[in-house]
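Structure, as structure tokens:
The values are calculated or read from the model by the stated rules, or taken from the named source; none is laboratory data. Quick caveat, the model's predicted, so the values are computed rather than measured. Please note: Cβ atoms are built from the backbone with ideal geometry, for glycine as well, and neighbour counts cover all protein chains shown.
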Amino acid sequence: MATIGVQAMMLKDNFAKDGPFETLRQVSEIGYHAVEISQIPMTPENVAELVRARDELGMDIASLSAGLKPAPMGGESLTGDFDKIVADAKTLDSSMIRMGMLPFDAMASLDAVLEFCDASNEMAARLQDHGISLYYHNHHIEFAKYDGKFLLDIIADRAPLMGLEVDVHWVQRGGLDPVTTLKKYSDRVAMVHLKDYRIGQIAPEGFDALTKGDFPAFMAAFKDVVRFAEVGEGNLDFPAIIDASEEIGARYLLVEQDEQYGRTPLECLQTSYDNLVALGYGHLF
């Protein structure tokens, strides 16, 4: 049975302010008991607090995050910090490592993507020797086509030892159906990101700009209506998505919301939790 948890990226400011244990205590009070660690410095102090959250709160550390190579925004990389990342995973009883996106420089050409795939496949083999699986998380860019073939298909084919973490919002933003996509990659998916896709309303400032003749500002507001949303607050069919995720054997369904539009992350997580319970998925928490 799949477990619904939280993707910690949206809580990074809470982690920095309150620390991992207190943040996850608040998350557990909402009703979540699994977390994917992302964009959280894996200092000895933070790792110790994550261990405490696991032991005292029963928080399942579902997976850890790392890039293949050092990234411009910093963070640990599998090429530079392999032994430490493996040690942290074992300390936290995590058997999955996920890469959050295609490296920026790999977006420049198909040859660069193929180089990334080959290196990732080799890294997946190294991790398997330690009982750890490697996964790749999609955005929308993976649904660009090269000679009629989706980039995500190229990645999946070229790096067969690497699993997939499917983000249903980004699949939708890429122009595909999330349920169809989950079933297409059914044998590769262990984790699914749950975040809704909402079309909002044009902000009043946009119409003010239009009145003043500032058409570029109005168009910026027009484009900004495509938004991330709490689960159940947008247009995605989450009963179908969750049922398909369970059907293919996904282990974790991780709630995430890249932007909160004036709300706090904990408020957003509460709304997603309430909506998921109302949809009949309370038993998955």
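The set of residues in the stretch 193-247 that are in contact with a strand residue (DSSP E or B) (Cβ under 7 Å, 6 or more places away or on another chain) and of a type in the set (Ser, Thr, Tyr) comprises TYR197, SER245. Output yes when any residue across the stretch 121-129 is in a loop (DSSP other than H, G, I, E, B) and under 20 Å from the mean Cα position of the chain (by Cα), and no when none is. Checked against the condition, which is being in a loop (DSSP other than H, G, I, E, B) and under 20 Å from the mean Cα position of the chain (by Cα), the stretch 121-129 yields no hits at all. The sole residue among TYR135, TYR197 that is under 20 Å from LEU254 (Cβ atoms), touching a His at 6+ places or on another chain (Cβ under 7 Å) and of a type in the set (Phe, Trp, Tyr) is TYR197. For the stretch 90-99, a residue qualifies if it is surrounded by fewer than 19 Cβ atoms within 10 Å (Cβ to Cβ) and either under 13 Å from ALA119 (Cβ atoms) or touching a helix residue (DSSP H, G or I) at 6+ places or on another chain (Cβ under 8 Å) (or both), and the qualifying residues are THR91, ASP93, SER95. Of the residues making up the stretch 31-44, those that are surrounded by fewer than 17 Cβ atoms within 10 Å (Cβ to Cβ) and either of a type in the set (Val, Ile, Thr) or within 12 Å of LEU269 (Cα to Cα) (or both) are GLY31, THR43. Can you confirm whether the stretch 204-213 contains a residue that is assigned to a loop (DSSP other than H, G, I, E, B) and surrounded by 14 or more Cβ atoms within 10 Å (Cβ to Cβ)? Checked against the condition, which is being assigned to a loop (DSSP other than H, G, I, E, B) and surrounded by 14 or more Cβ atoms within 10 Å (Cβ to Cβ), the stretch 204-213 yields no hits at all.
Out of ASP55, ASP60, one residue alone is in the same structural domain as PHE21 (by TED's automatic domain parsing) and surrounded by fewer than 16 Cβ atoms within 10 Å (Cβ to Cβ). It is ASP55.
Filtered by the rule that a residue be buried (at least 18 other Cβ atoms within 10 Å of the Cβ) and either under 30 Å from LEU210 (Cα atoms) or hydrophobic (A, V, I, L, M, F, W, C) (or both), the stretch 234-246 gives GLY234, LEU236, PHE238, ILE241, ILE242, ALA244. Residues of the stretch 261-278 that are in a loop (DSSP other than H, G, I, E, B) and either of a type in the set (Val, Ile, Thr) or surrounded by 17 or more Cβ atoms within 10 Å (Cβ to Cβ) (or both): THR264 alone. Of the residues ALA87, ALA66, the single one that is surrounded by fewer than 16 Cβ atoms within 10 Å (Cβ to Cβ), small (Gly, Ala, Ser), farther than 27 Å from TYR273 by Cβ and at pLDDT 95 or above is ALA87.
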